[in-house]
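A.B. asks: There's a structure below that I have some questions on.
Any read-out appearing in this document is the output of simple, stated calculations on the displayed coordinates, not a laboratory observation. For clarity, every value in this text was computed on a predicted model and none was experimentally measured. Counting neighbours? That spans all protein chains shown, and the Cβs are built from the backbone with ideal geometry, glycine included.
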Amino acid sequence: MPFLRFLMLLSLVVWIGGLVFFAFVLAPTAFQVLPNTHLAGNVVGRALGKLHWLAVFSGIVFLISSLLYNRVTQGSPHLFAGRHVLIVVMLALTLFSQYWIIPHMDTLRATVSDFAAVPLNDPARVQFDTLHAWSTRVEGAVLVLGLVAVYLTASAFGKR
């Protein structure tokens, strides 16, 4: 069972580590180093899309490994274990961001050359800023839920 535990932990490390790196290193650096916010937004948007796919893959690996681990060690997969529910919610939020929030932001970004040059009360800017706030909230929620999932997973291993 060490290999299944390894896969569970690795998938969480990749997902949560990616979120932390994105939020605290990549995004701020892109907006500080690149010459304008439009370019920085393009880089950050692309990186977020890749992070989302990494998250989906990690979530699936975690769920399969955890269900197998429970089946082997406890005789039942425990479908509704807390950590499984959290991972499913995290996946749902990630897919919501990827397929609803980000496409709407991309559409707005394509219509405005640079949001830094647009007045704060411009309807496109207001809508973009609202979507950006929701994107930040969703990613933050995924991070917090992921940290709870790490705790629950570590606690489950400590009981064996």
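A.B. asks: Out of the range 20-78, which residues are over 19 Å from Val144 (Cβ atoms), small (Gly, Ala, Ser) and within 22 Å of the chain's Cα centre (by Cα)?
C.D. replies: Ala30, Ala40, Gly41, Gly45, Ala47, Gly49, Ser65, Ser66, listed by residue number.
A.B. asks: Checking the conditions here, which among Thr130, Thr136 is assigned to a helix (DSSP H, G or I), under 16 Å from Val44 (Cβ atoms) and out of contact with any Lys or Arg (no Cβ under 6 Å at 6 or more places or on another chain)?
C.D. replies: Thr136
A.B. asks: Also, I was wondering about something else. Being more than 30 Å from Phe115 (Cα to Cα) and of a type in the set (S, T, N, Q) narrows it down to one of Asn42, Asn36, Asn70, so name that one.
C.D. replies: That would be Asn70, the only listed residue that is more than 30 Å from Phe115 (Cα to Cα) and of a type in the set (S, T, N, Q).
A.B. asks: Can you find a residue that is outside any loop (DSSP other than H, G, I, E, B), among the hydroxyl-bearing types (Ser, Thr, Tyr) and buried (at least 19 other Cβ atoms within 10 Å of the Cβ) anywhere in the range 48-65?
C.D. replies: Of all residues in the range 48-65, those outside any loop (DSSP other than H, G, I, E, B) come to 48-65.
After this cut, where a residue has to be among the hydroxyl-bearing types (Ser, Thr, Tyr) as well, the list is 58, 65.
Those still in the list that are buried (at least 19 other Cβ atoms within 10 Å of the Cβ) too: 58, 65.
Yes, there is a match, as at least one residue in the range 48-65 is outside any loop (DSSP other than H, G, I, E, B), among the hydroxyl-bearing types (Ser, Thr, Tyr) and buried (at least 19 other Cβ atoms within 10 Å of the Cβ).
A.B. asks: Scan Arg71, Arg109, Arg83 and give me the residue that is part of a helix (DSSP H, G or I), in contact with a Pro (Cβ under 8 Å, 6 or more places away or on another chain) and either on the phi < 0 side of the Ramachandran plot or loosely packed, with under 13 Cβ neighbours inside 10 Å (or both).
C.D. replies: Sole residue among the options that is part of a helix (DSSP H, G or I), in contact with a Pro (Cβ under 8 Å, 6 or more places away or on another chain) and either on the phi < 0 side of the Ramachandran plot or loosely packed, with under 13 Cβ neighbours inside 10 Å (or both): Arg71.
A.B. asks: Which of the residues that make up the range 28-47 are free of Cβ contacts under 8 Å to residues at least 40 places away in the same chain and either under 21 Å from Phe6 (Cα atoms) or in a helix (DSSP H, G or I) (or both)? First the steps, then the outcome.
C.D. replies: First pass over the range 28-47, keeping only residues free of Cβ contacts under 8 Å to residues at least 40 places away in the same chain: 28-35, 39-40, 43-44, 46-47.
Answer for the range 28-47, where residues must be free of Cβ contacts under 8 Å to residues at least 40 places away in the same chain and either under 21 Å from Phe6 (Cα atoms) or in a helix (DSSP H, G or I) (or both): Pro28, Thr29, Ala30, Phe31, Gln32, Val33, Leu39, Ala40, Val43, Val44, Arg46, Ala47.
One line per residue, one yes/no per condition, for (1) surrounded by fewer than 15 Cβ atoms within 10 Å (Cβ to Cβ); (2) more than 24 Å from the chain's Cα centre (by Cα):
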| residue | (1), (2) |
| --- | --- |
| Ile101 | no, no |
| Pro123 | yes, yes |
| Gln127 | yes, no |
| Thr136 | yes, no |
| Gly140 | yes, no |
| Val144 | yes, no |
| Ser155 | yes, no |
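A.B. asks: Cβ-Cβ below 9 Å, separation at least six or inter-chain, first residue in the range 58-82 and more than 22 Å from Trp15 (Cα to Cα) and in contact (Cβ under 8 Å) with a residue 12 or more places away in the chain, second assigned to a loop (DSSP other than H, G, I, E, B) and of a type in the set (A, V, I, L, M, F, W, C): which pairs?
C.D. replies: Val72/Met1; Thr73/Met1
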